[in-house]
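Q: Before we start, here is the structure in question, set down as structure tokens.
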Amino acid sequence: MTVAAAAVPKASKPKEIKPKDKRLTYRDYARLTPPDSGNYELHDGQIIHMPSPTPRHQRIALWLTRKMADFAETNNIGEVFIAPLDTLLDRFNTFQPDVLFISKERLGIIGKKKIEAAPDLVVEVLSGGNSRKEMLHKRHTYEVFGVKEYWLINPEKETVTLYVLEDGEFEQHKFSFDHEIASAVMPGFKACLRSVVS
């Protein structure tokens, strides 16, 4: 009598398990970056190293900060801050805008260590290390979280792109450094950047 050997099932290859990229939160970001360092931001759960700014970048940011802060204080309309200062938009996005303004009605978002919601107005001055992808992400994030006014200053091209939030979406306006730019969020405030770089 012949007995058929039982068929032995072929060993299946184990499935390859790919690790998922973890989205870091503000808590992770605060733990993993050097204290008091303005050279890092959190973009959609990823820590991004920011290159040091140039003297021209700093000259523009400081001039605009002084001008905005004087205007805000004189008119008692809110408070102006300069980077580095963590600005928490949500748990996955923490930026360090070069200049930011918070209106008097919203001063409660100023925490002990960070700004805890979207400011009313932010200013970003481009440096050589800023990528197009980074700036598109920032513009979209500022728009989604309700920043009312966003100034994007390009020192190389000597242009200012002004984004004003209308019905939940940014309207874009372009200016050269020769134009006087008026703020909608800080009524009465105007700035012409030509005097800073000439």
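Q: Which is at pLDDT below 95, open to solvent by 20 Å² or more (accessible area, probe 1.4 Å), within 22 Å of Leu152 (Cα to Cα) and aliphatic (A, V, I, L, M), of Ile82, Ile48?
A: Ile48
Q: Additional query: Within the set of pairs 6+ apart or on separate chains, which have a first residue in the range 150-170 that is closer than 10 Å to Leu126 by Cα and touching a residue at least 40 places away in the same chain (Cβ under 8 Å), a second that is among the polar types (S, T, N, Q) and not in a strand (DSSP E or B), and C-beta atoms under 6 Å apart?
A: none
Q: Further, regarding this structure: Does any residue of the range 51-61 turn out to be among the hydrophobic types (A, V, I, L, M, F, W, C) and open to solvent by 40 Å² or more (accessible area, probe 1.4 Å)?
A: Taking the range 51-61 and keeping what is among the hydrophobic types (A, V, I, L, M, F, W, C), we get 60-61.
In the following step, the residues that additionally are open to solvent by 40 Å² or more (accessible area, probe 1.4 Å) were identified as none.
There is no residue in the range 51-61 that is among the hydrophobic types (A, V, I, L, M, F, W, C) and open to solvent by 40 Å² or more (accessible area, probe 1.4 Å).
Q: Follow-up. Here are some residues: Thr94, Thr65, Thr74. Which one is under 18 Å from Glu134 (Cβ atoms) and either among the β-branched types (Val, Ile, Thr) or surrounded by fewer than 17 Cβ atoms within 10 Å (Cβ to Cβ) (or both)?
A: So the residue among Thr94, Thr65, Thr74 that is under 18 Å from Glu134 (Cβ atoms) and either among the β-branched types (Val, Ile, Thr) or surrounded by fewer than 17 Cβ atoms within 10 Å (Cβ to Cβ) (or both) is Thr94.
Q: Here is a follow-up. Output the number of residues of the range 15-40 satisfying the condition of being farther than 13 Å from Pro84 by Cβ, at pLDDT 70 or above and in a loop (DSSP other than H, G, I, E, B).
A: The total comes to 4.
Q: Could you tell me which residue of the range 142-165 is surrounded by the most Cβ atoms within 10 Å (Cβ to Cβ), considering only residues that are more than 19 Å from Arg132 (Cβ to Cβ) and of a type in the set (Val, Ile, Thr)?
A: Looking only at the range 142-165, we keep the residues that are more than 19 Å from Arg132 (Cβ to Cβ), and these are 145-149, 164-165.
Subset that is of a type in the set (Val, Ile, Thr): 147, 164.
Details: Val147: 27, Val164: 17.
Top of the filtered list is Val147.
Q: Counting only residues that are in contact with a helix residue (DSSP H, G or I) (Cβ under 6 Å, 6 or more places away or on another chain) and assigned to a loop (DSSP other than H, G, I, E, B), which one in the range 60-109 is nearest to Ala30 (Cα to Cα)?
A: Arg91
Q: Take the range 98-135 and flag every residue that is in contact (Cβ under 8 Å) with a residue 60 or more places away in the chain and either more than 16 Å from Glu41 (Cβ to Cβ) or among the acidic types (Asp, Glu) (or both).
A: Answer for the range 98-135, where residues must be in contact (Cβ under 8 Å) with a residue 60 or more places away in the chain and either more than 16 Å from Glu41 (Cβ to Cβ) or among the acidic types (Asp, Glu) (or both): Phe101, Ser103, Asp120, Leu121, Gly128, Glu134.
Q: Tally time: how many residues in the range 166-191 are open to solvent by 40 Å² or more (accessible area, probe 1.4 Å) and not polar (S, T, N, Q)?
A: Summing the residues that are open to solvent by 40 Å² or more (accessible area, probe 1.4 Å) and not polar (S, T, N, Q) in the range 166-191 gives 16.
Q: Could I ask something else about it? So, in the range 133-184, of the ones that are among the charged types (D, E, K, R) and under 13 Å from the mean Cα position of the chain (by Cα), which residue ends up nearest to Thr87 (Cα to Cα)? Steps first, please.
A: So the first thing to find is which residues in the range 133-184 are among the charged types (D, E, K, R), and the list is 133-134, 138-139, 143, 148-149, 156-158, 166-167, 169, 171, 174, 178, 180.
Applying the additional criterion that residues be under 13 Å from the mean Cα position of the chain (by Cα) yields 133-134, 138-139, 143, 149.
Values: Lys133: 20, Glu134: 16, Lys138: 12, Arg139: 14, Glu143: 15, Glu149: 15 Å.
For the range 133-184, the residue satisfying everything is Lys138.
The values are calculated or read from the model by the stated rules, or taken from the named source; none is laboratory data. None of these values were measured; they are calculated from a predicted model. No Cβ is skipped: glycine too gets one built from the backbone with ideal geometry, and neighbour counts run over all protein chains shown. Side chains are part of the model used for accessible areas, which takes the heavy atoms of the whole protein and leaves out ligands, DNA and RNA. Shrake-Rupley method; radii C 1.70, N 1.55, O 1.52, S 1.80 Å.
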